[in-house]
């Protein structure tokens, strides 16, 4: 998108991008800010198990829960010194909370990288694993629900990965049994930091990363494994310094998107990356030419319709990232979650505030 398109606003860009035939072209659904406790900075993650039941947390160590789709929230848990960076719930009772860890943000004193709840978030206990001491903190949690045959019975199971962190080091916690047991995967030989993680099954997965802990030397990277994290290969690497790969979204098995952050002084071009082969290869797409924009979260309803959160505004695409239009969805949106159940589809976006979009 060029500066003229950006200035014209969403409706003009939609019309010029071939969206006129879309059902939302005349009256697109609007993101609605939800009433939450004020917070000065960027809040990082939100997790829903149904369109109604969800949680969000922030850097003050506060965790909130809703049972009505975000219309009301209650403070469920509070632990000063913990920075809630990532959340992931398997169901209404079982969930995981990632702490960014010490020696990065001021005021963070908690050295436990990952917590588990069995009572819907009312109480949390630190996850224990051999060699967990090398895990400085967590920036992303991925929960993969699947059905397995166990002793002749078909049972629900969950594969959980928790990875981090911004500023380093590059490590990941992995559980194949719903969080009962864990092992640490050391990615420090491959990357300087990890910002997000996504697995499709027990073997095939991806991490958003940066090549170095030193941002002046860092390239944005996506690493890929096909053997459960035993080995890793570069699937994408930018050719510019001062960059990392921040968050990713896969609306389907083959199609995925990831945001690229650029911290180079004076740089204006902002890009994202897209894959159509399940993460094996990626190509860069332009987002906007604007030095004031820094990308954060990304989320898609389907292969074509999705959003990117950024410093001052959000961006929406209806054509698979070919064109983007500005959309009001809050500032510094770090995570976008799409949840479906019983014919209801809702998207939630968390940044400085929490917003909701009723898709269907």
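The values are calculated or read from the model by the stated rules, or taken from the named source; none is laboratory data. Note that the structure is a prediction, hence the values are computed from the model and not measured. Cβ sites come from the backbone with ideal geometry, for glycine too, and all protein chains shown count toward neighbours.
Can you tell me which residue in segment 162-191 is farthest from residue 126 (Cα to Cα), limited to those that are touching a residue at least 60 places away in the same chain (Cβ under 8 Å) and assigned to a strand (DSSP E or B)?
Per the criteria, the residue is 164.
What's the total number of residues in segment 331-351 that are crowded, with 19+ Cβ neighbours inside 10 Å and more than 15 Å from residue 47 (Cα to Cα)?
Final tally of qualifying residues: 1.
Filter segment 240-275 down to residues that are part of a loop (DSSP other than H, G, I, E, B) and under 22 Å from residue 340 (Cβ atoms) and give me whichever is nearest to the chain's Cα centre (by Cα).
250
Determine if segment 230-239 includes at least one residue that is in contact (Cβ under 8 Å) with a residue 12 or more places away in the chain, in a loop (DSSP other than H, G, I, E, B) and within 25 Å of residue 174 (Cβ to Cβ).
Within segment 230-239 (the criterion being in contact (Cβ under 8 Å) with a residue 12 or more places away in the chain, in a loop (DSSP other than H, G, I, E, B) and within 25 Å of residue 174 (Cβ to Cβ)), the answer is yes, since at least one residue qualifies.
Could you grab me the full set of residues in segment 278-311 that are out of contact with any helix residue (DSSP H, G or I) (no Cβ under 9 Å at 6 or more places or on another chain), closer than 18 Å to residue 266 by Cβ and not in a strand (DSSP E or B)?
Within segment 278-311, 291, 292, 293, 294, 311 qualify.
Looking at residue 154 and the list (1) in a strand (DSSP E or B); (2) crowded, with 20+ Cβ neighbours inside 10 Å, which single condition is not satisfied?
(2)
For residue 129, all conditions in the list (1) within 22 Å of the chain's Cα centre (by Cα); (2) surrounded by 15 or more Cβ atoms within 10 Å (Cβ to Cβ) hold save one; what is the number of the exception?
In the conditions (1) within 22 Å of the chain's Cα centre (by Cα); (2) surrounded by 15 or more Cβ atoms within 10 Å (Cβ to Cβ), residue 129 misses (1) alone.
So how many residues does segment 205-224 have that are under 21 Å from residue 86 (Cβ atoms) and surrounded by fewer than 22 Cβ atoms within 10 Å (Cβ to Cβ)?
Residues that pass the stated criteria total 3.
Does at least one position in segment 132-146 carry a residue that is modelled with pLDDT under 95 and surrounded by fewer than 24 Cβ atoms within 10 Å (Cβ to Cβ)? Talk me through it step by step, then tell me what you get.
If we filter segment 132-146 for residues that are modelled with pLDDT under 95, which is where we start, we get 145-146.
Among the residues that remain, those that are also surrounded by fewer than 24 Cβ atoms within 10 Å (Cβ to Cβ) are: 145-146.
Yes: one or more hits.
Check segment 192-200 and report whether any residue there is in contact (Cβ under 8 Å) with a residue 12 or more places away in the chain, over 20 Å from the mean Cα position of the chain (by Cα) and closer than 30 Å to residue 93 by Cα.
First, pick out the residues of segment 192-200 that are in contact (Cβ under 8 Å) with a residue 12 or more places away in the chain: 192-200.
After this cut, where a residue has to be over 20 Å from the mean Cα position of the chain (by Cα) as well, the list is none.
Taking every residue of segment 192-200 in turn, none turns out to be in contact (Cβ under 8 Å) with a residue 12 or more places away in the chain, over 20 Å from the mean Cα position of the chain (by Cα) and closer than 30 Å to residue 93 by Cα.
Suppose we filter 113, 51 for residues that are closer than 23 Å to residue 182 by Cβ and surrounded by 16 or more Cβ atoms within 10 Å (Cβ to Cβ); which single one remains?
Working: 51 fails: closer than 23 Å to residue 182 by Cβ.
Answer to the check: 113.
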